[in-house]
Structures are given as C-alpha cells and as structure tokens.
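Working notes, beginning with the structure itself.
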Amino acid sequence: MGQLAIEPEDGQRELRVAELLSSMSRALDLTEGQPQGHCIRCCWIGMQVGRKIALNDRQLSDLYYTLLLKDLGCSSNAARICQLYLADDLTFKHDFKHVNGSLPQVLHFVLTHTGPEAGLAERFRAVVNILQNGGEIAREQIETRCQTGAGIARKLGFPESVATPIRQLDEHWDGSGLPERIGGDDISILSQLALMAQVIDVFHSSAGPQAAIDEVKQRSGTWFAPYLTHVFAMFANDDAFWETLRSERLSDAIYDLEPARMIKLADEDYLDDIASAFAQVIDAKSPFTSGHSQRVTLFTDLIGSRIGLDERHRRTLRRAALLHDIGKLGVSNRILDKRSWLDADEWEAVKMHPVHGEAILSGISAFADLKPVVAGHHERLDGTGYPYGLQGDEIDLDTRIVTTADIFDALTADRPYRAAMPVDEALAIMDEKAGPAIDPQCLVALKAALDDRPGGAGPEPAAAGPSG
Ligand SMILES: [Fe+2]
Ligand SMILES: [Fe+2]
C-alpha cells in the first residue's frame, strides 16, 4: 500500500492511518446528511459480518478501509442533485437511503422530495424531467460519485482492492444496481458487505434494530446475496452487537479490530496526502468551489514564503489552507450555489461552516495545529467577522495569512451571483480593508509575491471559484 506501510523513524509521531481516516470519515457523514459516526458504525457492522464469512486477513484489511471510505465521492453529486431536484442535497441524500428501489417507493420519493419550496410550475417541470429521464439521471449521479470516490482512494495510496469496492458500492446482487448493473459474484464481496452495512446503519439509526433486520430480509435476493443476509441474521438476537453499535466508545472498538492493530503509520507526507485528498472532496461539492482549496493553498504559501516562515511552518499552513473550508461539507448546496442573496437562516447556515470544520478536526491530534485557522478564517481584525467575532490579537498570524489568501481567491473567482473580478480590482478592494479587517503585512506579502510572478500582474481570474 505504498506510503501507508511506514515504519516509525526516530522521533516520528506514531499515528495510525486507521485512527486518522476514521476521524476524517466524520466529514463524509456530514456530506451524506447522516448522523455523526455513520461510517464508523458501518465499519463495525461490515467487519462483524466479514469475519463471520471467514475473509482472509488481506480481505479484512481492505474491507476495513472500504467501509471507512465508502463515501469519499459523496460530495461530487451534491450540486447536481440540487439542480435537478430543486432540493436540499443533505436532506435528499439522507432520505434516499431509505428507498428500496421499488416503483411505488421511488415515485413517492420523487413526488415528496422534488422542489419542496419551488413554485408549482417549476416543480412540475422538474418532476416530469426526472420521471422521463430518471434512469439516466440516477446512473450519471452514481457513476460520478463512485468514480470520484475510487479516484480519491487511489490518491490516498490505497490499492485497487479498496478502490474497486468503493466504485461498486451501489451495485445490487440481482443486477438492478448502478452504474454498471453488474450482479452476483461480479460485484466485489467487499462492496456487497459495505452496502448491506450502510442499509443496516441507516435503518437502525432511524428506527432501531428490528427495522434494520426487516429491511435486510426484504432486500435479500435483490440488493443482497441471500447467504450474506443469513449471516447477518445470526446477529439479530445478539444484544452485545446492537449495544456496541450504539456505544459512544465505538471508535475505540474499531481501533481494536485486527486491521487497525496492524498499525499502519502515517508520516508527514501521508498527512499532506490526506489534506490534499479531502481538499478534493471539499472542492467537488460545488462548481463554485472547484479548485478553491488548491488556489487558497498556493496563495497562502506565497504569503508564508514572502513573510519568511520556515518550511516546517509553511507545511502546516498549507494543510490548514487545504482544509480551511472542510466545514462546507455540512452546508447544503441549495445555499452554497444560490444565485441570489441569502436570507437570514441561509446566512446563519453558511456562518456555521468554520464551526463544523473545527468539530471535524477536533478528534485528530495530528491536525490540532490547523483548528484555529479552520475555525477563524472568516474572522476580521475589527471584530466584524464570524463565527466568534474575534478581534486583533485574538486572531493569530497563520489565520490572518489564510484569510488573506481566501479573500483574494473569493474575489478573483466566479461566485454564484457575480463573475470573477480582475486582479487589480480585487487588490484595490482588499487595500480598503487592510488594517480594519485584513492584516496589512499579509496583503503586502501577497502583492509582492504576485508581482514576482511571470508578467507581474498575478494570476488570471479563475474560471470558477468559491464563495469564500
Ligand atoms: Fe470559508
Ligand atoms: Fe474558502
């Protein structure tokens, strides 16, 4: 697995890849509109069934990471869902996981979830489009999600034996799944286990053990191989299984599973890879955030270099910049991609994204240094920022640097409600705010770094960009 199988060097922090990825999986739960801990609970469920069917050690290890990372591609179809269904992607995704694919259920879902707040004519047009083109729309959405997820897993250094099960997550035993409609043993056993674990957790979380047991039984022979559902039935009356699943210490339980105890350690390069991979998940959420995290990282590094920070410090700052908007995974695309001004409730939801980001990183010791930046990148020196209204010295230099880079990229990229701004115009606007809101030292460093670039005029405005 390349860089994952790393022996500790002298002085290197012992950081388990399993621990790191299970913490980061909380960001994926947010994007899927799932209760926190969904991926961790799926990991527990899938591993119990996987051990009962006697998978070998290698398969169990691959299953462990497949279960934790199955939703890596989940942000990539959020914008499309909003656009097609005129709906909130987080609610849509949460509720869709309860649909079993039967025509009455699908029709009921489409009629109740399409354009809930849209006008009648607009809603009717959207419903007709979905009913006429539903098959292709669903295939396209799932293909995007599965391919993106598999690609990011590869980027994290996982082999095809993990990437393929992530790609096949939505295939069904009877061939009715998507995107390739493969069936039976053509579907990786790890995908089959991951999908069954997902259904079990969704129904158990919303309605308890009996609902999960009934749902698996009902989908036996269609979504799931009958022998797998029979194995799961062995857990039906096992109180310890359900109690562990509900336990607040479930994270500890999954660290004690055999694959996690094989202790694959993450080194500094791997931490960079994780930050970069999750930046890709963040940027995939909206066409208006495409490339934003990468560009903010570049501008951040230019400022850091100009200010004279050492390489170690700049490395931490680059990770902070890559992950600064991770909390946006918890904000609906209905709001992020809105082309008109936000109402008060929508604006409050946007203002929560630094708080979501802080919460995601709070359990990850290796990223503890990044938390102030993630939490504070919308604060302003004069106290007019959000979410905490920090002022002056309450905002550290690292945060001021990322904030400067973030504002610059937000101005020079398209937003849902206005086109990208020329570099000179953006810098002029930032000049006006230097002092009261933006750190003047950071702005001077950014301008100097842009002047040093070939042509001296800074980058051309990006084709698509963020809302900050
Ligand atoms: Fe932000
Ligand atoms: Fe941003």
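The values are calculated or read from the model by the stated rules, or taken from the named source; none is laboratory data. All values derive from a computational prediction rather than experimental measurement. Ideal geometry is used to build each Cβ from the backbone, glycine not excepted, and the neighbour counts take in all protein chains shown.
Tabulated results
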quantity: Residues of the range 356-382 satisfying the condition of being closer than 18 Å to Phe408 by Cα and crowded, with 24+ Cβ neighbours inside 10 Å; calculated: Val373, Val374, Gly376, His377, Glu379
quantity: From Asp424, Asp439, residue being more than 15 Å from ligand 2 (Cβ to nearest atom), among the acidic types (Asp, Glu) and under 20 Å from Asp393 (Cα atoms); calculated: Asp439
quantity: From Lys285, Lys351, residue being without any contact (Cβ under 8 Å) to a residue 40 or more places away in the chain, charged (D, E, K, R) and closer than 30 Å to Glu19 by Cα; calculated: Lys351
quantity: Residues (among the polar types (S, T, N, Q) and near ligand 2 (Cβ under 9 Å from one of its atoms)) located in the range 404-418; calculated: none
quantity: Some residue of the range 101-109 being at pLDDT 70 or above and either in contact with a helix residue (DSSP H, G or I) (Cβ under 6 Å, 6 or more places away or on another chain) or of a type in the set (Gly, Ala, Ser) (or both); calculated: yes
quantity: Selection within the range 286-320 - within 12 Å of ligand 2 (Cβ to nearest atom) and part of a loop (DSSP other than H, G, I, E, B); calculated: Ser286, Gly291
quantity: Condition check for Val331: hydrophobic (A, V, I, L, M, F, W, C) and surrounded by fewer than 20 Cβ atoms within 10 Å (Cβ to Cβ); calculated: no
quantity: Residue match in the range 371-383 (condition: hydrophobic (A, V, I, L, M, F, W, C), away from ligand 2 (no atom under 14 Å from the Cβ) and touching an Asp or Glu at 6+ places or on another chain (Cβ under 7 Å)); calculated: yes
quantity: Test: residue in the range 289-311 that is of a type outside the set (Val, Ile, Thr) and at pLDDT below 90; calculated: yes
quantity: One residue from Ile407, Ile438, Ile401, Ile395 being touching an Asp or Glu at 6+ places or on another chain (Cβ under 7 Å) and either surrounded by 22 or more Cβ atoms within 10 Å (Cβ to Cβ) or at pLDDT below 95 (or both); calculated: Ile395
quantity: Residue list for the range 370-398, restricted to those being under 24 Å from Ala279 (Cβ atoms) and away from ligand 1 (no atom under 16 Å from the Cβ); calculated: Asp396, Leu397
